[in-house]
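Written out below as structure tokens is the structure these notes cover.
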Amino acid sequence: MQTTQDSTATDLAAKLSKYESVKLTADLAGLSAKEKQMIPLLIQAGEIMDQLFWFEAYGKGDSLLNVLPDKQAQTYVKINYGPWDRLENNEPFIAGVGPKPEGANFYPVDMTKEEFEQASLADKKSEYTFLRRDQAGKLITIPYHEQFKEQITKAADLLQQAAQLAEESGLKKYLTLRAEALLTDKYQPSDMAWMDMKNNTIDVVIGPIETYEDRLFGYKAAHEAYVLIKDQAWSKRLAKYASFLPELQKGIPVKDAYKKEMPGADADLNAYDVVYYAGDCNAGSKTIAINLPNDEEVQLKKGTRRLQLKNAMQAKFDKIMVPIAATLIAEDQRKFINFDAFFANTMFHEVAHGLGIKNTINGKGTVRDALKEHASALEEGKADILGLYMITQLHQKGEISGDLKDYYTTFMAGIFRSIRFGAASAHGTANMIRFSFFKEKGAFERDATTGRYRVNFDKMQQAMNELSEQILTLQGDGDYAGVARLVESRGKIDAQLQADLDRLQEAKIPVDVVFEQGVQVLGLNNL
């Protein structure tokens, strides 16, 4: 007879099998001696971001890990930065653990939305404050730079050391300003400097950045870090596409009022090998492309930078996308699945974040503020669908080669990949909504005999335009109630889709990757 302990061990083994271990390496041969010395410093700073994210996501991670004698439980807790399964809508997987607070550790667990709204605190919506209670039980705010003073002082010092080694002036300036930003929570000057960097080979994205972890309001930014090495050859191939943004903005399928903002002309595209992930970007499903900065003022003045994490992307394509296509895509359409299309779909997703509108058209403030906890999922949905729109338009102009069917079919297979991230992920929710919409519009059909899906290319293009218009209108109107209805009606997995996703699990196709990474993996531990 199987005991409870045996059952738990079996369950944890199944959960761990959802992740494929990948060694995160890159070719360092082209780096200078000083650049090689910088990487361990930046990784150390990233390790500190990891500690801060643990606090934001859960609290004191060590107190949890120390009471878990089981190695499998410890490993899965580390992957999830807490006892809640990020691939299963944050369901607890440790006995006795209750539901994950919607506001993670950014707010008091007993705080209601109404109490927050009524609190007279000037910086309560700041991305860089915690909400806590004073001795009288009244809500107060604590800035990140005060809560984390000891840790960020060390991180800032590491960035300053790296700045002293930097041989490229733009990188030196950015690292210096980013160190100051960690100490003050004033990130705009360093964001501007990061946008001005053009010739650097080493890069680091570090600090409190994305607001996905705050599912209560979507206000609070969580700490993370990426240490990156630019692939100069690939980046040159991508550079031309950013210049098409203003033209594409004019053509997006929505009324003029919803596209009156013009993307910054200084946006750029680059390809990187990532050599270290930490914090938010390393929790659960791993990011394979970045579009930053999130500051709307910087975006309108400078545009954004889109970073394609080529080595991580290749790992996901090989380990996950190819087997998904073999299981769920019609046999005669599998020839359209290829890495170049996967790379392009991912890249133009990031580019498409720059399209549309950042501020509502009716005085409700920024889209992010108006849509609150739903803002991230809708923004990811916008970027997905407008990324495909961009590919379609550029292909018609002759600026993108290959068969358009490659991009559409790979996009369809990509929905199955990302939907498995679950409702706890903004990307997962966005894909659920799109699958439901595409199904209703006949963008694909499912063969009942084989259980495989076939793309209807003309209908998919029409559905793409209709969904683009719907999302952009909801954003521009700041229609919180409308977005909530969309998420409620379409952001769910129906029984048929769940059965097909179960087939992927039965075929032992991983949901995502987990990295073996660090100085030793890179062979830099003897510097």
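Taken together, the values in this text are just the output of simple stated rules run on the coordinates, not laboratory data. Bear in mind the structure is a predicted one, so any value in this text is a computation, not a measurement. Don't worry about glycine lacking a Cβ; one is built from the backbone with ideal geometry, like all the others, and counts go over all protein chains shown.
Some points to look at:
- Annotation: amide H-H contacts under 5 Å for PHE130 (H modelled 1.01 Å from N, sequence separation of 5 or more, or interchain): ILE142, TYR144.
- Using a cut-off of 18 Å between Cα atoms, the listed pairs LYS301/LYS358; LYS236/LYS405; LYS236/LYS286; LYS125/LYS286 include LYS236/LYS405; LYS236/LYS286; LYS125/LYS286 as exceeding that distance.
- Basic side chains Lys and Arg get +1 at the Cβ, acidic Asp and Glu get -1 at the Cβ, and with that the dipole of the chain about its Cα centre reaches some 700 debye.
- For LYS100, the aspartates and glutamates whose Cα comes closer than 17 Å to its Cα, not counting residues fewer than 8 places off in the same chain, are GLU56, ASP85, GLU88, GLU91, ASP110, GLU213, ASP214, ASP280, GLU373.
- Taking the DSSP bridge list for the chain and keeping only pairs wholly inside it, about 75 percent are antiparallel.
- Arranged from fewest to most other beta-carbon atoms within 10 Å of their beta carbon, ASP231, ASP369 become ASP369, ASP231.
- Taken about its Cα centre, the stretch 422-498 carries a charge dipole of about 300 debye when Lys and Arg each add +1 at the Cβ and Asp and Glu each add -1 at the Cβ.
- Selection among MET197, PRO293, VAL483 by position relative to the dipole of the chain gives MET197 as farthest towards the positive end (Cβ unit charges, Cα centre).
- Simple rule: put +1 on each Lys or Arg Cβ and -1 on each Asp or Glu Cβ in the chain, find the dipole, and look at ILE385, ALA278, ILE140; the Cα lying farthest toward the positive end is ILE385.
- Listed residue (VAL322, THR473, ALA495) projecting farthest to the positive dipole end of the stretch 231-522, Cβ model: VAL322
- Between LYS36 and ASN89, the simple label model (points 7 Å from Cα in the Cβ direction) yields a spacing of 5.1 nm.
- This ranking places THR287, THR450 by how few other beta-carbon atoms lie within 10 Å of each, fewest first, which gives THR450, THR287.
- The value of relative contact order for the chain, using C-alpha pairs under 8 Å at least six residues apart, is 18 percent.
- Hypothetical label at SER120: residues of the stretch 128-155 whose amide nitrogen lies under 16 Å (7 Å Cα-Cβ projection): 138-141
- Mean separation of Cα contacts under 8 Å, 6 or more apart, over the residue count of the stretch 238-322: relative contact order %: 33 percent
- For the stretch 382-452, a Kirkwood radius taken over Cα pairs fed into Stokes-Einstein (4 °C, viscosity 1.567 mPa s) yields D = 97 µm²/s.
- Residue-wise HN-Hα couplings along the stretch 351-367, as the Karplus relation 6.51 cos²θ - 1.76 cosθ + 1.60 with θ = phi - 60° gives them from phi, are 4, 5, 4, x, 8, x, 9, 9, 10, 4, 8, 10, x, 8, x, 6, 4 Hz; Gly and Pro carry x.
- Once both labels are positioned 7 Å from their Cα atoms along Cα-to-Cβ, the gap between ARG485 and GLU167 label points is 6.0 nm.
- Among LYS372, LYS125, a tally of other beta-carbon atoms within 10 Å of each Cβ gives an order, fewest to most, of LYS125, LYS372.
- Gain upon complete extension [ASN526, GLN462; 0.36 nm per residue less C-alpha separation]: 17.4 nm
- Residue-wise HN-Hα couplings along the stretch 499-516, as the Karplus relation 6.51 cos²θ - 1.76 cosθ + 1.60 with θ = phi - 60° gives them from phi, are 4, 6, 5, 4, 5, 5, 5, 4, 7, 6, 7, x, 7, 7, 10, 10, 9, 8 Hz; Gly and Pro carry x.
- Three-way shape label, the chain, alpha-carbon gyration tensor, a/c 1.5: rounded
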